[in-house]
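Take a look at the structure set out below.
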Amino acid sequence: PVMSEEEVHEIILTLRGQYDELASIPEIENVMLFENRGKIIGVSNPHPHGQIYATDFVPRIPASRYENARRYRLDTGRCLFCAIMEDEIRYARRIIVENDHFVAFIPSFARLAYEILLLSRRHASSIDELTENELRSLAGIYREIMIRYDNLFMMPFPNITIFQNVPCAAGADPRPYHFHIEFLPPLRSPDKLKYMAGFESGGGTIVNPALPDESADALRRTSAVHYTRGKRNDE
């Protein structure tokens, strides 16, 4: 959040380059780019940092999303992610911020109080399909989301940010999948975490403690101007 938009853009270019390099390795079937922030999410390195897991298998969640998207496209001829985004644009109340190339919203199916889904308006299966203009646009909206998170509770907001690209397994059709970024913050209030309790851990059904519409409204009402180099926006 304290970085300039140009600095964020440079990081996104680096992530794209890493994705290209790793996805080209024949043995690799999935490349997951993600950022960790905050010691309360349980990472061994408490400072903000990015990681990449390139695996010779497709993990359960991206595999399930790809299969659902494939079936939806087979049944309707449309992109499942595009359909979700179009519904959210029509409804409007859960949108946090949008620009010419991206839309950020709290989805109706959010598992966490302030979970955000960021989608490109143009259908693209992976980060390497985005144009230069789209990548610059991504840097701007990504930075604004992080600023709004920090301003929500006026604290460095712990978060896991995941760049979900189409699995790169040999023979996988990239067309059904839509590149998206998900923000998964564990806080439900300044001093409370969202824990997976008995019914959720035992039953696998997540209970969101907040209404997505209300969470979206709270984030929209936060300032998009962040403190810089140690100064907060009210100083």
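The values are calculated or read from the model by the stated rules, or taken from the named source; none is laboratory data. Note that the structure is predicted; figures quoted are calculated from it, not measured. Note: ideal-geometry Cβ built from the backbone for every residue, glycine included; neighbour counts use all protein chains shown. What goes into the accessible areas is simple: the full protein's heavy atoms, side chains included, and nothing from ligands, DNA or RNA. Shrake-Rupley method; radii C 1.70, N 1.55, O 1.52, S 1.80 Å.
Annotations
- Residue match in the stretch 71-78 (condition: outside any loop (DSSP other than H, G, I, E, B), under 17 Å from Leu119 (Cβ atoms) and more than 20 Å from the chain's Cα centre (by Cα)): yes
- Tyr53 meets all of the listed conditions (1) among the aromatic types (Phe, Trp, Tyr); (2) without any contact (Cβ under 8 Å) to a residue 24 or more places away in the chain; (3) open to solvent by less than 80 Å² (accessible area, probe 1.4 Å) but one, namely (3).
- Strands (runs of 3 or more DSSP E) contained in the stretch 89-165 and holding at least 2 residues aromatic (Phe, Trp, Tyr) and crowded, with 20+ Cβ neighbours inside 10 Å: 102-105
- Residue pairs whose Cβ atoms lie under 6 Å apart, separated by 6 or more positions or on different chains, with the first residue in the stretch 56-85 and over 20 Å from Ile181 (Cβ atoms) and the second in a loop (DSSP other than H, G, I, E, B) and not basic (Lys, Arg), are Asp56/Glu27; Asp56/Glu29; Phe57/Glu29; Arg70/Pro176; Arg73/Pro176.
- Residue, most open to solvent (accessible area, probe 1.4 Å), within the stretch 56-88, restricted to residues that are of a type in the set (Lys, Arg) and modelled with pLDDT of 95 or more: Arg71
- Residue match in the stretch 19-41 (condition: under 25 Å from Ala218 (Cβ atoms), β-branched (Val, Ile, Thr), loosely packed, with under 15 Cβ neighbours inside 10 Å and touching a strand residue (DSSP E or B) at 6+ places or on another chain (Cβ under 8 Å)): yes
- Annotation: Gly203 fulfils all but one of (1) under 15 Å from the mean Cα position of the chain (by Cα); (2) of a type in the set (Gly, Ala, Ser); (3) modelled with pLDDT under 80; the unmet one is (1).
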